[in-house]
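Undergrad: Input: one structure, supplied below.
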Amino acid sequence: MNILQIAWKSMRQNPATSVLGILLTAFGTGILCVLLLTSRQIEEQLDNNSRGIDLVVGAKGSPIQLILSSIYHMDNPTGNISLREAQTLAANPMVKLAVPLSLGDNYKGHRIVGTDSTFLQLYNLALAEGRIWQRDFEAVIGAEVARKHGLSVGDKIYGAHGLSSEGHTHSEHPYTITGIFEPVHNVADRLILANLASVWRMHGDNDDDHDHEHGEDDHDLSGVEEHEHHHGEQHDHDHSHEEPQLVKSIMGDIGTGEREITSMLIQYRNPAAIGMFPRLVNQSTAMQAASPAIESARLFALLGIGIDSLQVLAYVIMLMAALSVFISLYNALKSRKYDLAIMRTLGASQGKLFGIVIAEGILLTFVGAILGIVIGHVALYLISASTGGATTLLETLVLLPQEAWLVLIGVSIGFVSAIIPAIKAYKTSISQTLSGN
Amino acid sequence: MHENTITPVVRLNDVAYQYPQGESLRFADLEVPPGQHTLILGDSGSGKTTLLHILSGLLKPGDGTVQVDGQQLYGLPARKLDAFRGQRIGLIFQEAHLVKSLTIKENLQIAQGFAGAKINNDRINEVLSLLNLVDKANNYPSKLSRGQLQRAAIARAVINRPAILVADEPTASLDDRNTSSVLELLLTQAEEHHATLIVATHDKRVKTRIAHAYQMGIKQ
């Protein structure tokens, strides 16, 4: 039998105190594990969702709100911006890609986004089945929307006003699902995409000529291509083609004579634009430019305050675990002093006794730390499942390299807690113990 | 011409010990030839246990030399002394003092392991068989009777074929019948394993079975 086996057997001899030490370590590690996994997921999601987006242009207001509404689709928009002004900005040579967004409705909590096919390009969206919209009130849905609501190509859905599914339902204009995207593991999986005109028409643009005059592509794909590739004459041509239309706000400002969109996602042509372009927007237009990198960092820093508080709680629990392990080992020494003295008579060195007690402390917290990691992953899955998240059981089973540090922290706590009892075991006088003195 | 001498298995020369409280003891010299089972006799508090601990390498004397199986015990580094004790000295106490968290078989395995020997389950089965404990091999000490525990403690003491078997008051709280059976067991096992038995006792019943005696407090 080696030291670990002897320590393991000794642990089993005192199940109540051992279980307490293990559970306290497990809870502490579990909380740290959940925090580690969630902050990583949040960071990853923030990163995934804003990848490729250098700037968001929208109505003046809170820049975080603009980022939350236009990239993460989690908040109300700051307002609307003029389509004409947005198009002028999109034509700037510093802009490589400009993706217009018109927001306003949702389907069971999933944003219905009026946009064009630059959106597909920005998020690298590919169709799993069906086709892209070709006319108004056709929609392509994200993989998560399809999975969660059992939707398939050909189904009809009704949008509700606002961000909540409890808003007014637009029963007069159902969207027909023409396609479903492959999952991309970002916010696009939870969106419903249609052309801009669908959103405009849904919110009061009753210009019936609109459809007939523009045909399929005018509302959709051609506009995109031109935003992206033809900043010169061709772009101007598109503008002139669209501008004469009866323009109505998508946010209730109907009849002002100018079409509006909610915001525009911008990708720069080169890094030089980083310093110049936001200033240009903020100083020379009525719009606001918000940088996803800066605002996401601010957002994560705000979330970090909550995470820090929970981390303190986890460390307090870990400290309690250390105390529990220390007390259980120290108390056990009293009842085990004969065992330890007998081991010495059998030839065990002082170092071996020291090792046995240290191994016991390490084993207790090692088992606790492993259990804590299991608890952390299961908790994360349950949290995700109860909040309707997309995390699968398989995804929650993926271990992060940082989790090895959690085990190392647990083992270190066991080691430190066991040092004093181990020294006491080391110094045990065999003769005195056996003589009963 | 060489004198035909036999090296004693235990030899004590000018051994003295001072207790932490200040009281000191000087022990008479002792030589025990191999196979000559010996009693250490004396009243309670006369220092019998102290002497056993000294000749078992558990308590370093303040003065004198202690030789067991040809080895000067206190000339050895601590680790080597521990290993020597595990290999060559078998200790038996009034109580069995088996490790409670381990089965009987595991108690014998750690005795082999701590002595630096390889785990030899055949040897364990052989010893358990000699002591009629084979069916208790996988039991924990809490499941054994007092007599079985005593036999298990003897099994642990002889597992590494020690040169000396040191027993401290093995019959102190036993009735006549059990005293006789424990003594019989100790003598049989000592013979079986070619070990010299040294028994510290103040129990007069033991004297009838072991002829040689070392009296505490009397210079031999």
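Undergrad: Taking strands (runs of 3 or more DSSP E) that fall entirely within segment A:128-196, which contain at least 1 residues that are surrounded by fewer than 16 Cβ atoms within 10 Å (Cβ to Cβ)?
TA: Passing ranges, in order: A:175-181.
Undergrad: Here's something else I'd like to know. If you check A:Ala404, A:Ala385, which single one turns out to be modelled with pLDDT under 85, among the hydrophobic types (A, V, I, L, M, F, W, C) and surrounded by fewer than 22 Cβ atoms within 10 Å (Cβ to Cβ)? Full working, then the answer.
TA: Working: A:Ala404 fails: modelled with pLDDT under 85.
Every option except A:Ala385 fails the conditions.
A quick yes/no check of all residues on (1) in a loop (DSSP other than H, G, I, E, B); (2) touching a residue at least 40 places away in the same chain (Cβ under 8 Å):
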| site | (1), (2) |
| --- | --- |
| B:Pro8 | yes, yes |
| B:Asn13 | no, yes |
| B:Ala16 | no, yes |
| B:Gly45 | yes, no |
| B:Thr49 | no, yes |
| B:Leu52 | no, yes |
| B:Gly57 | yes, no |
| B:Gly64 | no, yes |
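Undergrad: Oh, and also: Considering only segment B:149-179, state which residues are crowded, with 18+ Cβ neighbours inside 10 Å and more than 17 Å from A:Ile342 (Cβ to Cβ).
TA: B:Ala163, B:Ile164, B:Thr171, B:Leu174, B:Thr179
Undergrad: Being touching a helix residue (DSSP H, G or I) at 6+ places or on another chain (Cβ under 6 Å) and on the phi < 0 side of the Ramachandran plot is the filter; apply it to segment B:47-70 and report the residue that is surrounded by the most Cβ atoms within 10 Å (Cβ to Cβ).
TA: Checked segment B:47-70; the qualifying residue surrounded by the most Cβ atoms within 10 Å (Cβ to Cβ) is B:Leu58.
Undergrad: Sticking with this structure for a sec: Mind listing just one residue for me: the one in segment B:120-134 that is in a helix (DSSP H, G or I) and farther than 26 Å from B:Ala83 by Cβ and, of those, farthest from the other protein chains (Cβ to nearest Cβ)? Working first, answer last.
TA: Looking only at segment B:120-134, we keep the residues that are in a helix (DSSP H, G or I), and these are B:121-130, B:134.
Now drop any that are not farther than 26 Å from B:Ala83 by Cβ, which leaves B:129, B:134.
On the way: B:Ser129: 21, B:Val134: 20 Å.
Looking at the filtered set, the residue picked out is B:Ser129.
Undergrad: If a residue has to be away from chain B (no Cβ under 14 Å) and of a type in the set (Gly, Ala, Ser) to count, how many in segment A:349-383 make the cut?
TA: Residues flagged as away from chain B (no Cβ under 14 Å) and of a type in the set (Gly, Ala, Ser) within segment A:349-383 amount to 6.
Undergrad: From the list A:Leu66, A:Leu24, A:Leu20, which residue is buried (at least 22 other Cβ atoms within 10 Å of the Cβ), more than 20 Å from the chain's Cα centre (by Cα) and either not assigned by TED's automatic domain parsing to the domain that holds A:Ala425 or not acidic (Asp, Glu) (or both)?
TA: A:Leu24
Undergrad: Take B:Leu25 and decide whether it is hydrophobic (A, V, I, L, M, F, W, C) and in a strand (DSSP E or B).
TA: yes
Undergrad: On to the next question. Touching a Lys or Arg at 6+ places or on another chain (Cβ under 8 Å) and not acidic (Asp, Glu): which single residue out of A:Ser62, A:Ser10 fits that description?
TA: On the way: A:Ser62 fails: touching a Lys or Arg at 6+ places or on another chain (Cβ under 8 Å).
Going through A:Ser62, A:Ser10 in turn, the sole match is A:Ser10.
Undergrad: From the list B:Pro170, B:Pro141, which one is of a type outside the set (Val, Ile, Thr) and in contact (Cβ under 8 Å) with a residue 60 or more places away in the chain?
TA: Residue meeting the stated conditions: B:Pro170.
Undergrad: Continuing with this model, one more query. Considering only residues that are at the interface with chain A (Cβ under 9 Å from one of its Cβ atoms), in a helix (DSSP H, G or I) and in contact with a strand residue (DSSP E or B) (Cβ under 7 Å, 6 or more places away or on another chain), which ones fall in segment B:80-115?
TA: Of everything in segment B:80-115, just one residue is at the interface with chain A (Cβ under 9 Å from one of its Cβ atoms), in a helix (DSSP H, G or I) and in contact with a strand residue (DSSP E or B) (Cβ under 7 Å, 6 or more places away or on another chain), namely B:Phe84.
Undergrad: Filter segment B:122-138 down to residues that are over 21 Å from the mean Cα position of the chain (by Cα) and touching a residue at least 24 places away in the same chain (Cβ under 8 Å) and give me whichever is surrounded by the most Cβ atoms within 10 Å (Cβ to Cβ).
TA: That would be B:Lys136.
Undergrad: Right, another one. Only one of (1) without any contact (Cβ under 8 Å) to a residue 12 or more places away in the chain; (2) more than 14 Å from chain B (Cβ to nearest Cβ); (3) among the hydrophobic types (A, V, I, L, M, F, W, C) fails for A:Leu346. Which number is that?
TA: Of the numbered conditions (1) without any contact (Cβ under 8 Å) to a residue 12 or more places away in the chain; (2) more than 14 Å from chain B (Cβ to nearest Cβ); (3) among the hydrophobic types (A, V, I, L, M, F, W, C), the odd one out for A:Leu346 is (2).
The values are calculated or read from the model by the stated rules, or taken from the named source; none is laboratory data. All values derive from a computational prediction rather than experimental measurement. Here the Cβ is made from the backbone with ideal geometry for all residues, glycine too, and neighbour counts use every protein chain on show.
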